[in-house]
Amino acid sequence: MVVLRLLAVALACCWWPPGSQGKTLRGSFSSAAARDAQGQSIGHFEFHGDHALLCVRVNNVAVAVGKEAKLHLFQAQEWLKLQENSNGYSCSEKLSKAQLTMTMNQTEHNLTVSQIPYPQTWHVFYADKYTCKDDNENSQVEDIPFEMMLLNPDAEGNPLDHFSAGESGKHIHLNILNTEKDL
């Protein structure tokens, strides 16, 4: 029985069924949504390790370039500080506080988030040249469809693990429970 339990733990930690490993976001970057919220919230993810990777594909690079589209990444602690002090910063000052920024000027972008000693939550926001302006007429331009993959390094340091650090732990725990139940 002990051998079967150890085997179940080993399988849960080392083998993932195809298709179950996804932290992929799909949607549209919207100038109007970004203007209304002073940055369109795209999502958050718990990065860890030495070579975490953010991969973004945009479907209309010409529109992205025309809008001067960018992604802004904030560590959770810094984002909380900005939210608590929101009256102290203008829209552009708040966006300039991002720890990482990615300009959307190509069809595919890869950004490596390096040297994260422990799991950290990061918030991803979209903004463009219309985000911090008061006029509404120019922000009604075309939205930009996107697909974003958020990857953490696997045991060998390659950015192949689609789970955020927190989700991965939950998934291992649930797989162990399901495997033990089947035994």
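The values are calculated or read from the model by the stated rules, or taken from the named source; none is laboratory data. Quantities reported herein were computed from a predicted structural model and do not represent experimental measurements. We place every Cβ from the backbone using ideal geometry, glycine too, and count neighbours over all the protein chains shown.
Points to keep in mind about this one:
- Of everything in segment 33-56 that is closer than 13 Å to PHE74 by Cβ and small (Gly, Ala, Ser), the residue that is modelled with the lowest pLDDT is GLY43.
- Consider segment 55-75 and keep the residues that are of a type in the set (A, V, I, L, M, F, W, C) and loosely packed, with under 15 Cβ neighbours inside 10 Å. The one that is nearest to the chain's Cα centre (by Cα) is VAL65.
- Answer residue from segment 76-129, given it is surrounded by 13 or more Cβ atoms within 10 Å (Cβ to Cβ) and aromatic (Phe, Trp, Tyr) and is nearest to HIS48 (Cα to Cα) among those: TRP122
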